[in-house]
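One structure is given here, and the rest of the page talks about it.
Each reported figure results from applying straightforward, stated rules to the coordinates on display, with no laboratory input. Just so it is clear, the model here is predicted, and its values are computed rather than measured. Note that each Cβ is placed from the backbone with ideal geometry, even for glycine, and that neighbours are counted across all protein chains shown.
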Amino acid sequence: MSAGRHSPQSHDDESHRDDGHNNSDTGFPDISDPTTPNQFNNNEGPSLDESFDSLISRTFEKFFRNVHHIPSFDFLHRASLMGQYHLGKVDRPLLLALVGVTTYLTDMGPGLRSYGARCIDEAESLILSDYARPSTIKVQALVLMIKYRILSNRFQSAFFLLGIASRFAVALRLNYDSPNVCFLAQESRRRLMWAIYCIDAGISGGNRDYSLWRSERLFLGLPCNERNFEFDLPQETEKLIPDPDHQRSPQAEDIGSVALHIRIQHIRHKISEFTKEALGNRDVNPRTLQTSVLSLHGELEDFAAHLPASFQFSEKSLQLRAYSPRICVFLMIHVWWRQCHCDLYRLGLVGLREALSRSVLENFDESFIEHCQRQCVDHAIAMANIFLSMQKLHAKPVADLDLALCAYQCTRMLKYAYHAKSGNLNLTQENVMEHFKVCLQAVKDCCMGAAAAGIRSDIEKVIAQGLGPRTSPARMTPPDLNTIANVNSRPRPAATHAATPSSRPSLFKDIEVPDDGFSTTTSAPSNRANPPRDNFPPVQNNVPAVPQAIMTDAWTPPTGDGDVDITLNDAHSETLGATPSTHALAAPGGPSELNNAFEGAMDGLGLDHGLDYSLGIDVSIWGANNGDWRTNEFMNGGSGVGV
């Protein structure tokens, strides 16, 4: 084996891949080696028989083959990264973060997951020790570390690291386009900034107080097509929020999957904020709320109507992507579209944690409640069938935690629906259990990490325990759907108070703050007033249905009064980009005249007088936040999916 500074050590066995580093943050290791993480205990574990350079080469290969397609990781440009690495110009924190993420999401050999965890710890230590000098490369490393902390169920760490990354981004003006650098560098920065925005939207969970980024503060276009980024082909892209004076046309066929991902995440974030505010409002006006629901429903319809042909959900589109890792990005666009409907309409699911209180729902017409139930059930079943379609193709791409969260929400919706008004929804125990198994298999096939393992365990428990006897709707007390692995036993707040402005997102389970419990009322609504029928979303049938070939055993689009028929068009697939040419890499040690995505990435602010000087502001000393953060434990009924 190689010895000395190029020999990373491992002290843990591969079987403990999900057990380590899931508690509170560990202390930073001593840093004496300029290239590799230090060995915590020289007497523990085997040595890895390869040099650090060899490990980095394998990491690059694994990352760009299996991980890079995940939207939050797609800001790295392969040819630029490898060229800069051979020139010795890639900061160590970025290399360490890449090792950590790649070893966590893929199998790179015995002991490497625990080694990768130590790489993440050291990368964090290096950045925090030099936090006063932000750079784009440091932001890239931070985003990788934040995603690692989320995947490994360490949300407390991710939450505060995101604050640092956001401050770095503001200081570097990443939320503005950079015309002074080449296209590759512009696009890399643009993708990096959108990754921060999407992570922030997920972590804040609809709580405005915890959101660091608003879409109107991002003065840059959406990411370009993935192939154009790969081959340095400059492309003009549209804004997330188009000019209201211009009529929006269908998306061009050269739009990228990441741009579509950002669009659906933006709609999801708006839905999350709307539902949070509705839950915290004690004086909900039925007409106003139903108008808002209809407006958000229209945005989802508009998103589907403007999808380019190659991104329409069809059997052909799936088959053409079956052997590409980008099948997961394509599927998740449609999974999120379905999940957004569930997030929006579960406001009317009586007794569910994310629903309006019984006293509020009593003021709504019965048809609105039935409409909400039908929407949630139809889209949950459609979501399960998307997972089934992927499994029929034997596709097992590496997926983000989003897939596991949506699969979990799908099982919650179907379990609730089975017990509530199951007769009207035509759900049988056999069908529901089959959908549960499909969701479980999707998580098993595609999702790695401690957070996904908790979701997998919870779905397994639901399947093992069975659905139990149905509960009469007139006396219905919804089943306990809001628990999952690794949460504490503090009382759950009632739905009436679950999203008050002072409540905190459920990822705060690791932060030690006081918690207040509230009593829960779960009886079914009765004696409803009858507001005008036109207050809730009417039938929408302006998008052609999915072909039966791809939706075998799927739900039949509802045709009853008040039901919405929302499906996606059949169409052709997008042309998949080719692999990057090898001659694009810079020769080791030599200069390169090619554009490079890392242009300016090593540069800081260019000033040593502090952020106050460079930003032209006076620094004020802010006191600690003494707000009352009330816990709604992580994934206690839907963290990360429109809580």
>> For LEU349, what residues show an amide H to amide H distance below 5 Å, using hydrogens built from the backbone and excluding near sequence neighbours?
In response: LEU356
> Under the Karplus relation 6.51 cos²θ - 1.76 cosθ + 1.60, θ = phi - 60°, what is the ordered set of whole-Hz ³J(HN,Hα) values for segment 172-184, x standing for Gly and Pro?
Replying inline: 8, 6, 5, 7, 10, 5, 10, x, 7, 10, 5, 4, 4
> What ranking do THR102, THR275 get, fewest neighbouring Cβ atoms within 10 angstrom at the top?
Replying inline: THR275, THR102
> Is there a pair in LYS396/LYS437; LYS396/LYS461; LYS147/LYS316 whose C-alpha atoms are over 21 Å apart, and which pairs would that be?
Replying inline: LYS396/LYS461; LYS147/LYS316
> Which order results if CYS340, CYS410 are arranged by neighbouring Cβ count within 10 Å, fewest first?
Replying inline: CYS340, CYS410
> How about LYS239: which lysines have a C-alpha closer than 20 Å to its C-alpha, ignoring those fewer than 8 places off in the same chain?
Replying inline: LYS270
> Given a Förster radius of 60 Å and the C-beta distance between LEU594 and GLU277 as r, what FRET efficiency does 1/(1 + (r/R0)^6) yield to the nearest 0.05?
Replying inline: 0.75
> Using the count of nearby Cβ atoms within 10 Å as a rough guide to exposure, how do ASP130, ASP245 rank from fewest to most?
Replying inline: ASP245, ASP130
>> I need two numbers for segment 243-330: Rg to one decimal and Dmax as a whole number, Cα atoms only, in Å.
In response: 16.6, 52
>> Can you give me the distance in nm between label points at ARG208 and ARG65, each placed 7 Å from the Cα along the Cα-to-Cβ direction?
In response: 4.8 nm
>> Return the Rg/Rh ratio of segment 359-419 with Cα-based radii and a Kirkwood Rh.
In response: 1.13
> Along segment 344-351, what does the Karplus equation 6.51 cos²θ - 1.76 cosθ + 1.60 (θ = phi - 60°) give for ³J(HN,Hα), rounded to whole Hz, x for Gly and Pro?
Replying inline: 6, 8, 6, 4, x, 8, 3, x
>> Are there any trypsin sites (Lys or Arg not before Pro) in segment 257-325 that are in a DSSP loop and have at most 11 other Cβ atoms within 10 Å? List them by number.
In response: ARG282
> If each of ASP177 and SER215 carries a label point 7 Å out from its Cα toward its Cβ, how far apart are those two points in nm?
Replying inline: 1.9 nm
